[in-house]
Amino acid sequence: MAQEIYYKNEAYMYSNTYIWMEKVKIDINSNLTSSYSKTLSEYKELLNQIKDIGIKSDIYNSIIESIIEFSRKNNDIETLLFYTEKKLEVLESKIKMNLNTSTIYATNKFENDSIKSRVDIMKKRNGFYLMVILLVLIILIIIYRKNQKIKDLNNKLEKTSITDALTTLNNKRYIYKVFEDIYLDKEEITFIIIDVDCFKLYNDNYGHLEGDNVLRQLGITLKDVFYDDIPCRYGGEEFVILSRLDKNDIIPKLDILMKKIYDLNIEHIYSTASDKITVSIGAERMKITTKEDINLLIKLADEKLYISKENGRN
């Protein structure tokens with residue numbers, strides 16, 4: 001019963017209750033706010049208040065632990081390592097303080113040379129243990145840093161492998177990764193193929209550098225219109241979009257896309273469809289329940305693209 005009362009009133013038993021309350025508030029906000037730098041700044045400001053007051057208590061350690069956990073969740077490795085080292089300093093200080101206190105007590109209590117000698121041996125032994133602990137912690141930090149670098153490198157390589165370098169859209173490999181998830185969830189999906197009209201004639205007459213610039217602008221436009229969907233570069237002058245929207249919702253967005261592309265006002269006097277860059281589109285929607293459905297969906301959308309080209313493009 002006494003222990004229960006103690007825990008319920010623990011915060012009020014400290015002389016610096018307001019600092020504890022401020023820390024709790026930041027902890028709660030750290031799970032709610034999207035501003036990482038603001039929350040981190042609030043933790044640091046609270047540490048500065050503690051230093052100014054001269055408090056040496058568990059609250060200092062508690063704030064450092066909160067910063068370590070918060071920076072870990074947000075993948076801020078530099079801050080994580082910095083405050084981990086701070087925590088190690090506090091740990092080392094505590095160990096040294098406890099070691100010195102124990103040694104002084106033992107020396108005062110036992111005056112004979114034999115026991116003093118034993119105390120000295122214990123002190124040296126504890127010092128050795130402290131060095132071993134610190135060495136192990138340093139090794140663990142080094143290993144953690146190396147593993148984190150390897151992890152970051154793998155993430156960069158993974159991102160590069162699914163990104164089209166020219167347009168910065170996702171590439172064909174990423175499309176099939178998404179299709180795998182759609183197949184596993186048995187979802188209904190809309191697949192859209194977009195082809196730049198007479199693009200070979202554009203490259204032949206304006207040059208491939210200008211052609212690359214056209215593809216980059218189209219990539220930006222696709223991201224702008226289909227911000228809630230998955231626009232990708234399929235290859236060459238072909239783009240695709242994976243969307244969960246149905247026909248009634250997708251057609252207005254395709255109209256907006258074609259207007260925005262036309263408004264880019266990219267001259268193409270060699271096109272048979274228009275004097276500007278235009279696109280032809282084929283789209284199909286179906287539920288993916290088997291892996292064969294994926295190929296069928298792509299085939300049906302491609303057939304509709306062909307119909308669009310055969311009927312004058314654009």
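Per-residue answers, yes or no, for (1) outside any strand (DSSP E or B); (2) at pLDDT 95 or above; (3) basic (K, R); (4) in contact with a Lys or Arg (Cβ under 9 Å, 6 or more places away or on another chain):
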position: R216; (1), (2), (3), (4): yes, yes, yes, no
position: G219; (1), (2), (3), (4): yes, yes, no, yes
position: R233; (1), (2), (3), (4): no, yes, yes, yes
position: F239; (1), (2), (3), (4): no, yes, no, yes
position: L245; (1), (2), (3), (4): yes, no, no, yes
position: N248; (1), (2), (3), (4): yes, no, no, no
position: L257; (1), (2), (3), (4): yes, yes, no, no
position: K260; (1), (2), (3), (4): yes, yes, yes, no
position: Y270; (1), (2), (3), (4): yes, yes, no, no
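Just to be sure, is N265 loosely packed, with under 13 Cβ neighbours inside 10 Å and at pLDDT 95 or above? In short, yes. When residues in the stretch 221-242 are screened for being open to solvent by less than 40 Å² (accessible area, probe 1.4 Å) and over 17 Å from D197 (Cα atoms), 8 of them pass.
Take I182 and decide whether it is among the aliphatic types (A, V, I, L, M), within 22 Å of D164 (Cβ to Cβ), open to solvent by less than 60 Å² (accessible area, probe 1.4 Å) and more than 28 Å from the chain's Cα centre (by Cα).
Details: among the aliphatic types (A, V, I, L, M): yes; within 22 Å of D164 (Cβ to Cβ): yes; open to solvent by less than 60 Å² (accessible area, probe 1.4 Å): yes; more than 28 Å from the chain's Cα centre (by Cα): no.
Judged against the criteria, I182 is not a match.
Listed here are the residues, each with its yes/no results for (1) of a type in the set (D, E); (2) open to solvent by less than 80 Å² (accessible area, probe 1.4 Å); (3) modelled with pLDDT of 80 or more.
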position: G127; (1), (2), (3): no, yes, yes
position: M131; (1), (2), (3): no, no, yes
position: Q148; (1), (2), (3): no, yes, no
position: D152; (1), (2), (3): yes, yes, no
position: L157; (1), (2), (3): no, no, no
position: T163; (1), (2), (3): no, yes, yes
position: T167; (1), (2), (3): no, yes, yes
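Based on what the data block shows, is T101 at pLDDT below 70, β-branched (V, I, T), farther than 30 Å from D246 by Cβ and open to solvent by less than 80 Å² (accessible area, probe 1.4 Å)? No. For the stretch 211-243, which residues satisfy the criterion of being within 19 Å of T272 (Cα to Cα) and touching a helix residue (DSSP H, G or I) at 6+ places or on another chain (Cβ under 8 Å)? Those that are within 19 Å of T272 (Cα to Cα) and touching a helix residue (DSSP H, G or I) at 6+ places or on another chain (Cβ under 8 Å): G211, V214, E237.
The values are calculated or read from the model by the stated rules, or taken from the named source; none is laboratory data. What you are looking at is a predicted structure, and each value in this text was computed from that prediction instead of being measured. Note: ideal-geometry Cβ built from the backbone for every residue, glycine included; neighbour counts use all protein chains shown. What goes into the accessible areas is simple: the full protein's heavy atoms, side chains included, and nothing from ligands, DNA or RNA. Shrake-Rupley method; radii C 1.70, N 1.55, O 1.52, S 1.80 Å.
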